[in-house]
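The block underneath contains the structure these notes are about, expressed in structure tokens.
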Amino acid sequence: MHGVQGAAARAVGLAHAWFRHEDPTSRVHDVSLDPRFQHRGVDLLWQRSDGRVLGVEVKGDRNGRRGNYFFELVSNVEKDTPGCFLYTEADLYVYALLDLREVHVLPMPAAREWFLPRASEWPLRHVHTRTGALLYTTVGAVVPVRTVQADVAGAVRFRVGEDGTLSAKRPPRKAPPSPVAPSTGSGEKDVPA
């Protein structure tokens, strides 16, 4: 369980770097242990300097080099609990790629609304997690980072330096569709690792 908690703490730390970058005088409140927010899928409240308060869900992934997000669809198969990606009421879904020190910010519910009609396009993966003597299974969709970053309006990503400074990683943006798009004939498609 320590490994899971350690990864979560590192993910929150990277998220804090992004919050400081975006709004240096803002405040962040950890509500991850508050039952009023747990069932809403909200880990943090980000109190912006302009008075707005945004709910934030934070996910940490130790395997960022694979180039995929793992959108949690079933949190615990054994208990039949839904995955956070499906029910979070957060305004922002912060996905931290721990090995790359990257913070990816996805607007919610826009990211979920984009994903749901396309859910069958990506493979599902089962991940087993041990917490003490208990073992549980999580199911998620493996979705390419570059696809989400290009297709979801407002999605951004940053690399966090060892000193906490951020540098933007600009995703390739798709051109708006033209009335008659030329065919490339390649038939290539992103295949997640």
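Values in this text are rule-based calculations from the coordinates and carry no lab data. Because the structure is predicted, anything quoted here is derived from the model rather than measured. Don't worry about glycine lacking a Cβ; one is built from the backbone with ideal geometry, like all the others, and counts go over all protein chains shown.
Extending 7 Å from the Cα toward the beta-carbon at both THR131 and ALA110 defines two label points whose distance is 3.2 nm. For the range 18-95, state which trypsin sites (Lys or Arg not before Pro) are in a DSSP loop and have at most 10 other beta carbons lying within 10 Å of their beta carbon. Of the trypsin sites (Lys or Arg not before Pro), the ones in loops of the range 18-95 whose Cβ has at most 10 other Cβ atoms within 10 Å are LYS79. Would you mind checking the range 21-39 for residues with the amide N under 19 Å from a putative spin-label position 7 Å along Cα→C-beta of GLU89? The answer is 29-39. Per residue, the average separation of C-alpha pairs within less than 8 Å and at least 6 apart gives the range 2-168 a relative contact order of 22 percent. Taking amide H atoms as placed 1.01 Å from N in the peptide plane, the amide H of MET108 lies under 5 Å from those of LEU92, TYR93, each 5 or more residues away in sequence or on another chain. Computed from backbone phi with θ = phi - 60° and the Karplus coefficients 6.51, -1.76 and 1.60, the 3J(HN,Hα) list for the range 116-133 is 3, x, 10, 3, 6, 6, 10, x, 9, 10, 9, 10, 9, 10, 9, 10, x, 8 Hz; x is used for glycine and proline. Between rounded, prolate and oblate, where does the range 105-145 land on the alpha carbon gyration tensor, with a ≥ b ≥ c its root eigenvalues, rounded for a/c under 1.5, else prolate if a/b exceeds b/c? Prolate is the answer for the range 105-145, as a/c is 1.5 or above and a/b outweighs b/c. Net charge in the neighbourhood of GLY140 (other residues with Cβ under 12 Å of its Cβ; Lys, Arg +1, Asp, Glu -1) is 0. For the range 2-168, the square roots of the Cα gyration tensor eigenvalues, ordered a ≥ b ≥ c, give a/c below 1.5, which places it in the rounded category. Summing +1 for each Lys or Arg and -1 for each Asp or Glu among the other residues whose beta-carbon sits under 10 angstrom from that of LEU98 gives 0.
Given +1 at the Cβ of Lys and Arg, -1 at the Cβ of Asp and Glu and no other charges, the dipole of the range 22-137 around its Cα centre is 280 debye to the nearest 20. Please give the residues of the range 123-150, grouped as numeric ranges, whose backbone N is less than 13 Å from a label point set 7 Å along the Cα-to-Cβ vector of ALA7. Flagged as within label range: 126-131, 136-140. What is the Cα centroid distance between the range 1-80 and the range 131-147, reported in whole angstrom? Spelled out, the Cα-based centre of one part sits 15 Å from the other.
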